[in-house]
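The values are calculated or read from the model by the stated rules, or taken from the named source; none is laboratory data. Computed from a predicted structure; not experimentally measured. No Cβ is skipped: glycine too gets one built from the backbone with ideal geometry, and neighbour counts run over all protein chains shown.
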Amino acid sequence: MSPYLGKARPRPDAAEKATGRAEYIHDIRRPGMLHAAIRFSEHAHARIKGIDTLKAERIRGVRAVITAQNTPEIRLGFLRDNVALKGEKVRQFRDEVAAVAAIDPDVAAEAAAAIEVEYEPLPALFDPASALDEGAPLVHERDAAGRPLETNLMPVHFRHSSGDITAARSAAAHAVSGEFSTPLIQQSCMGTAGALAEFDPRMNLTIWAKTQIPFLAQRDFNSALSQIGLAGRNTRVIVPALGGGFGTGLDTHCYEYIAILLAWRTGKPVKILYKRDQEFAYLSPRQSSTVRISQGCDAGGRLTFRDVHVTQDNGAYGSWGATYPSVMMIPATSLYRVPNIEFDCELVYTNNTYAQAMRGYGNPELTWALESNLDELAEAAGIDPLEIRRINCNEPGEVTPMGLRVTTCGLRECIEGVGERLGWKNKGGWGAGKKRGVGLASMVHVGGSGRIYRSDASGVILRLDDYGNLYVASGGVDMGQGLHSALQIMAADSVGVDPERVFITQTDTSTCPWDVGTHASRGAFTAGNALLMAAEKMRRQLFEAAIDLYPDLVEQARRSWIRANPDTPPADFDWRASVAPERFQLRNNLLSLRDTPPIPWLEIDLAKLIRAAHFRAGGGEMFTVEAFYDPPSELPDWERGQGNMSACYTYGTQGVEVEVDTDTGDVKIVAMVSVLDVGRVINPQALRGQIVGAIAQGVGYALYEQVITEKGRILNPNFTDYKIPTAVEIDFPLDLEYIETDEPAGPYGAKGIGEPGLTPTAPAIANAIFDAVGVRVRDLPITPERLLAALHARYDDHIPRRAPNAR
Amino acid sequence: MSSYHRPPSVAEALRLKRELPGSSFIAGGTDLLVQMKDRVRQPTALISIRHLSELTRIETDGGARLGAATPLSDLADDSALMTGWPILGEALRDFASVQIRGSATIGGNLCNGSPAADAAPALIVLGARVRIAGLDGERLLPVEQLFEAPGRTRVREEELLVSIELDPPLPSGHGVFLKKMRTAMDVSLASIASLALLRDGRLEEIRLAAGSVAPVPMRLHETEKVLRDRPLTPERIAEARRVARDEVRPITDIRAGADYRRHIVGVFVQRALEATLEKGDR
């Protein structure tokens, strides 16, 4: 049994963060550093007629004012439809029109405000439906290649079709349809966005960036260097301590390119930081979506078809968030067993703020619709909501209509576990007048990374120094989720060193090996697998060196032991006969032989072996190994919706008991249960943090959070007006349970767990509300005002003391 | 902001205020500093008053006198005050966060002029008065008349609110404070305070006030009329709920719609009266 695996251990960065030593982007300063401020658009859609920067340039302390007119164009975005500084027109309120570098942030802000911009307003579009109307103005007249566009529909295609949905629909014993919507959501990172860009004298760039994709960012920034005439120069991306990522770091951002342009223009390090209101207004939130769904089943409750149509308001530019449907397809095709499926989506350009990725990446949006609608189907079929999920449960070994190859699957245990822990069997008979109800919802997500790029790999370099310290360099980013904790424990266990002797190298493209990025719940899975491969190499090298060196080391150890303990009886065990690479074992920095009597001098400090090997006469060696792991998965064909995009899949179910105040519309969570198939628990403490945090976000998604806009302008850019749950709102009994299915593809059997925790929360709560009061709200968040309106619509002011569906 | 002053007395503070046009008094600073950061207010100078002992005393001898610069947490910790006027404790209990309550002052909460000031409805139903000092002397004003418009009170530019004065508690009065927020850390979207004196099933006295549902914290006179000197019955309560709903003048903003706020005021009036009815004639 491993001494560290599955045992609670504080994260290696915990003390630094708790004592204020961790260095965030806010803390980093460079000699001669300037501060940047951006002038943003004042229109949702307008042609730029002129920009006058004279007044700004004359302000004392201003070092540069840049616009599209005086800098090279830098294109960015997954569709290359965005530019760092807008020259021709603005397409959203947050469009970057000009930027300033100055000696302090206040001067920079003052100068940015002094820039005069003349606009010719254009008709603007604020919802997908009007953007798709015939004759609607175009957000983009041309694509990145200059070809004219004729519609606001984005050129991205994600479809799936299997079986015969028309036949299945007409044959279904029961079928229900519904339209479900989700709002714009702010990721609410505790650490706001920022970057610091600096050129060295050879014009190579170093950028401290709040990114989850240091290596793809390096590629993006190198491409920007080419665009400003610095082809062949390199970018070094350093990732400081991050106060949350949640998907905000999956793209490179205009503000980063603006910092680069200003550093290039001034020859000085330039830092840009967003304050909280800027983070709300100028960083991309989670997309808003509408999902139209119908599902049907036979008389026995077996699902026969599922028809899903998604509309996403993408806003003005394409980010990676525009590939949400790639992940929506997973639950759409593969949550429960459904033979006949249609999935399609339309992503629409509008003049709203452009949206980007957030934790769950489309899955919470789709699961919200799917699991709410499944309860409606259960109601129509007269089947208990838990029972209908059991009937259609996924099983290990199945291949889903999308071609996902399910390896391990603990969904049945998750559903039944929630039922048991929530007291589902006794769910009837809540006290009269107490409008309480229970609900549940399940989820499936990529558990073995998600291939959305030609490589889905992670590299790890391990290095042992002369004192037995193990350095782990990984391209994976710890943005607070605890990747470094998982790597520390896995490294200690797999190499055989004390966890306190494991040091995780700061993420830096100049010292860490390539990694596609930390998203899709993949960090611990892919970096963990790469680490195990590297650890194997390390042990092999150590044990091979030990064949020659161990006997001498033991002899030395024996002599000094006997010197210290002269009365020791001689051991008559011939340990020399046991020396073979496969007989060595390394634990807690101690090298020894397997199956030998407990003779003290047979245990050799790893550092001694390393030094002996390092300084060996006639050619020493160092202990540095690398490994590169690319999971066994396929890049799906998105037009057909086919392909096994992950090495394995994570399943889970959450159950909720709520109490509804039918006078005020308030929903109180009485208790929550979460049962997740995590494959294997690596660090229960870090895992609990991940799940509790995700559930808090899920509760916010369900009940409180929404970015409110009026004609494209954000009205609630602060935490007074944008509500995330506080400790009070999540102060309910939370029962967490893990199913360990020991996934063969996972490191130590573990699956990815970063996103699953928030995915089923909102529909579980909505289903519990329905159980309590017989009313279904189909738009998130379920605010008291919305729920009350639904109650009044249903009961016309005469809300019964007891819900009609209460059993 | 060019200077910061720490005068030794109220008189000196008032003199400084006259001398420094565009200056502002500062006590807890929990609203003012945020407004200064956002450049909503840009005072030329700050005159601190929170260190003045004459402004941070709590005196209870039958009635009560609360120094205007007393932090809310000090009020909540004063057992004589909380026992005599429990409704004030209810209004302060869920006020913002522990940190804010430690800094924000009772006078500041009123002088900020917010329609959502949680202390206001409670003080209005208690019949509290504010003592306002100027260079020419002092005057008393009922809290009910203090508010002029959102962000504006009747404390004039060169005056300072120095204390809040409470009459002795109504014998056997029953007070209730209710407020609705979106989460535990929020500006209330509707609040009500009720002070009732029930004798032999009749409401001998009833005072109702509401916050966040009009340009200023308001007394619900129409609703009181329906109730005063009449038997408190479920029918009467239902009527009061309807009248209160019509009496308030809320707006729709990002926190809630006007109709929802009206509805909540009605529900809260009903709940407050039901609580009084349940408590009975004791």
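Descriptive notes on the structure:
- Residue check, B:Ser194 in contact (Cβ under 8 Å) with a residue 12 or more places away in the chain, closer than 27 Å to B:Pro71 by Cβ, crowded, with 22+ Cβ neighbours inside 10 Å and of a type in the set (Gly, Ala, Ser): yes
- Filter result for A:Ile691 (of a type in the set (Val, Ile, Thr), touching a strand residue (DSSP E or B) at 6+ places or on another chain (Cβ under 9 Å) and farther than 20 Å from A:Cys414 by Cβ): no
- Reported count of residues in region B:226-243, each being buried (at least 18 other Cβ atoms within 10 Å of the Cβ), within 14 Å of another protein chain (Cβ to nearest Cβ) and of a type in the set (A, V, I, L, M, F, W, C), is 1.
- Residue match in region A:466-477 (condition: crowded, with 24+ Cβ neighbours inside 10 Å and out of contact with any strand residue (DSSP E or B) (no Cβ under 7 Å at 6 or more places or on another chain)): yes
- Evaluating B:Gly151 against the criteria (1) surrounded by 24 or more Cβ atoms within 10 Å (Cβ to Cβ); (2) modelled with pLDDT under 95; (3) under 18 Å from B:Gly22 (Cα atoms) leaves one unmet condition, (1).
For every residue, the table says whether it meets (1) over 17 Å from the mean Cα position of the chain (by Cα); (2) not assigned by TED's automatic domain parsing to the domain that holds B:Leu126.
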| site | (1), (2) |
| --- | --- |
| B:Phe25 | yes, yes |
| B:Leu32 | yes, yes |
| B:Gln35 | yes, yes |
| B:Arg39 | yes, yes |
| B:Leu66 | no, no |
| B:Thr70 | no, no |
| B:Asp77 | yes, no |
| B:Gly89 | no, no |
| B:Ala96 | no, no |
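- Residue within region A:244-254 that is over 30 Å from A:Val775 (Cα atoms), outside any loop (DSSP other than H, G, I, E, B) and touching a residue at least 60 places away in the same chain (Cβ under 8 Å) present: yes
- Residue among A:Ala281, A:Ala263, A:Ala299 that alone is assigned to a helix (DSSP H, G or I), modelled with pLDDT of 95 or more and over 19 Å from A:Pro183 (Cβ atoms): A:Ala263
- The set of residues in region B:247-270 being touching an Asp or Glu at 6+ places or on another chain (Cβ under 8 Å) and away from every other protein chain (no Cβ under 14 Å) consists of B:Glu247 alone.
- Considering region B:165-201, and only residues there that are in a strand (DSSP E or B) and within 12 Å of chain A (Cβ to nearest Cβ), the residue that is farthest from the chain's Cα centre (by Cα) turns out to be B:Lys180.
- Evaluation of A:Tyr651 against (1) outside any helix (DSSP H, G or I); (2) out of contact with any Asp or Glu (no Cβ under 6 Å at 6 or more places or on another chain); (3) buried (at least 22 other Cβ atoms within 10 Å of the Cβ) (one fails), failing number: (2)
- Filtering region A:243-287 to residues that are over 17 Å from A:Asn82 (Cβ atoms), in the same structural domain as A:Ile213 (by TED's automatic domain parsing) and among the polar types (S, T, N, Q) leaves only A:Thr266.
- Search result, residues across region B:20-54 that are within 18 Å of B:Ser163 (Cβ to Cβ) and hydroxyl-bearing (Ser, Thr, Tyr): B:Ser48, B:Ser53
- Pairs with Cβ under 7 Å, 6+ apart, first in region A:714-736 and at the interface with another protein chain (Cβ under 8 Å from one of its Cβ atoms) and under 29 Å from A:Lys275 (Cα atoms), second among the small types (Gly, Ala, Ser) and in a loop (DSSP other than H, G, I, E, B): A:Ile724/A:Ser188; A:Thr726/B:Ala184; A:Val728/B:Ala184; A:Glu729/B:Ala184
- Members of region A:764-793 found to be out of contact with any helix residue (DSSP H, G or I) (no Cβ under 9 Å at 6 or more places or on another chain) and more than 14 Å from chain B (Cβ to nearest Cβ), listed by number: A:Ala768, A:Ala772
- The residues of region A:697-713 that are within 8 Å of chain B (Cβ to nearest Cβ) and of a type in the set (Ser, Thr, Tyr) amount to a single one, A:Tyr704.
- Filter result for the condition that a residue is at positive phi, surrounded by fewer than 24 Cβ atoms within 10 Å (Cβ to Cβ) and not assigned by TED's automatic domain parsing to the domain that holds A:Gln685, over A:Gly423, A:Gly496: A:Gly496
- Members of region A:670-682 found to be closer than 20 Å to A:Val660 by Cβ and surrounded by 19 or more Cβ atoms within 10 Å (Cβ to Cβ), listed by number: A:Met672, A:Val673
- Qualifying residue in region B:246-267 (condition: surrounded by 15 or more Cβ atoms within 10 Å (Cβ to Cβ), farther than 24 Å from B:Ala116 by Cβ and under 21 Å from the mean Cα position of the chain (by Cα)): no
- Some residue of region A:683-694 being away from chain B (no Cβ under 14 Å), buried (at least 24 other Cβ atoms within 10 Å of the Cβ) and assigned to a loop (DSSP other than H, G, I, E, B): yes
- Summed over region A:11-58, the residues that are farther than 30 Å from A:Ile504 by Cβ and either in contact with a Phe, Trp or Tyr (Cβ under 7 Å, 6 or more places away or on another chain) or surrounded by fewer than 17 Cβ atoms within 10 Å (Cβ to Cβ) (or both) give a count of 17.
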